[in-house]
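Below: one structure, written as structure tokens.
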Amino acid sequence: GAVVSQHPSRVICKSGTSVKIECRSLDFQATTMFWYRQFPKQSLMLMATSNEGSKATYEQGVEKDKFLINHASLTLSTLTVTSAHPEDSSFYICSARMGGGNGELFFGEGSRLTVL
Amino acid sequence: LAKTTQPISMDSYEGQEVNITCSHNNIATNDYITWYQQFPSQGPRFIIQGYKTKVTNEVASLFIPADRKSSTLSLPRVSLSDTAVYYCLVGDMNTGGFKTIFGAGTRLFVKA
């Protein structure tokens, strides 16, 4: 099946710094990518929908200035957590939707962010 | 968006068949039903997808009644490695604006 890769898988940073997480579709072009965050023992929460070449659409309650999303190409979307704080510590997951077909979603491995 | 409701958790023993039911009373005509599996600290993994009746693949079966207001994921002869959280998602997969809204999921625990 198609592969979606996230990098880094784990990152630890100091409070106040910014962290960038990459999401790549390795063997297909993704017209749409999604970003989620997941706290322990909880479900995935959709943060934003990223369409190549256009601005991301953020879900209600998600700060667009804090969570910057860029989808510059059909194989890469990035999530930048700006001025990170300990409460931003979470598991961030991306998914990519293949254009056409049945629109199956492929998920990345996730990136665990720990803000000290 | 169709909201889904699943049991919070289920227990089973190795070798048993496990059936997890998902309710989606307001499913739309163009919506498909997709099930995902998630292990701790990993992204969800696609299990199966269907629109109506029955779908079977190498790992699971999906039963969808005629009214499509619910669906049942069937895992034959589970093993310890099937311990995971299972999510059902409902949406129009062919729409560019399709969103993936996850419900609470069902935490399956398989015991020896």
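Search the structure for amide H atoms under 5 Å from the amide H of A:ALA48, placed 1.01 Å from N in the peptide plane, and list their residues when 5 or more places away or on another chain.
The answer is A:TRP35, A:GLU59.
Can you classify chain A as rounded, prolate or oblate using the Cα gyration tensor, where a ≥ b ≥ c are the square roots of its eigenvalues, rounded means a/c under 1.5, and otherwise it's prolate if a/b beats b/c and oblate if not?
Working: a/c = 1.80, a/b = 1.61, b/c = 1.11.
Verdict is prolate for chain A.
Picking from A:SER111, B:VAL78, B:ASN26, whose Cα lies most toward the positive end of the charge dipole for the protein assembly as shown (charges on Cβ: Lys, Arg +1; Asp, Glu -1)?
The residue sitting farthest along the positive end of the dipole is A:SER111.
Under unit Cβ charges (Lys, Arg +1; Asp, Glu -1), what dipole magnitude, rounded to 20 debye, does chain B have relative to its Cα centre? Don't skip to the end; give the middle numbers.
On the way: 10 positive and 8 negative charges, 38 e Å.
That gives a dipole near 180 debye.
What are the extents of the Cα atoms of chain B along their three principal axes, listed from largest to smallest and rounded to whole Å?
41, 30, 23
Accessible area, 1.4 Å probe, largest first: how do A:HIS7, A:HIS85, B:HIS24 sort?
Numbers: A:HIS7 115, A:HIS85 75, B:HIS24 0 Å².
Output order, biggest surface exposure first: A:HIS7, A:HIS85, B:HIS24.
What's the magnitude of the charge dipole for the protein assembly as shown around its Cα centre, counting Lys and Arg as +1 and Asp and Glu as -1 at the beta-carbon? Answer in Debye, nearest 20. Walk me through the numbers before you get to the answer.
Working: 21 positive and 18 negative charges, 47 e Å.
With Lys and Arg at +1 and Asp and Glu at -1, about 220 debye.
Please report the antiparallel percentage of the DSSP beta bridges confined to chain A, to the nearest 5.
Values: 37 of 41 bridges.
Of those bridges, close to 90 percent are antiparallel.
So which of B:LYS52/B:LYS111; A:LYS14/A:LYS55; A:LYS14/A:LYS66; A:LYS41/B:LYS69; B:LYS54/B:LYS111 end up more than 24 Å apart by C-alpha? List each step's numbers first, then the result.
Working: B:LYS52/B:LYS111 32 Å; A:LYS14/A:LYS55 28 Å; A:LYS14/A:LYS66 16 Å; A:LYS41/B:LYS69 27 Å; B:LYS54/B:LYS111 28 Å.
Too far apart for the 24 Å limit: B:LYS52/B:LYS111; A:LYS14/A:LYS55; A:LYS41/B:LYS69; B:LYS54/B:LYS111.
According to the Cα gyration tensor, what semi-axes, each the square root of 5 times an eigenvalue, does the equivalent ellipsoid of the protein assembly as shown have, listed from largest to smallest in whole Å?
Working: eigenvalues 180, 86, 46 Å².
Over the Cα atoms of the protein assembly as shown, the semi-axes work out to 30, 21, 15 Å.
The values are calculated or read from the model by the stated rules, or taken from the named source; none is laboratory data. Remember, predicted model here, so these are calculated numbers, not experimental data. When we count neighbours, we look across all protein chains shown, and the Cβ atoms used for this are built from the backbone with ideal geometry, even at glycine. Protein only, heavy atoms only, side chains kept; ligands, DNA and RNA dropped before computing areas. Shrake-Rupley method; radii C 1.70, N 1.55, O 1.52, S 1.80 Å.
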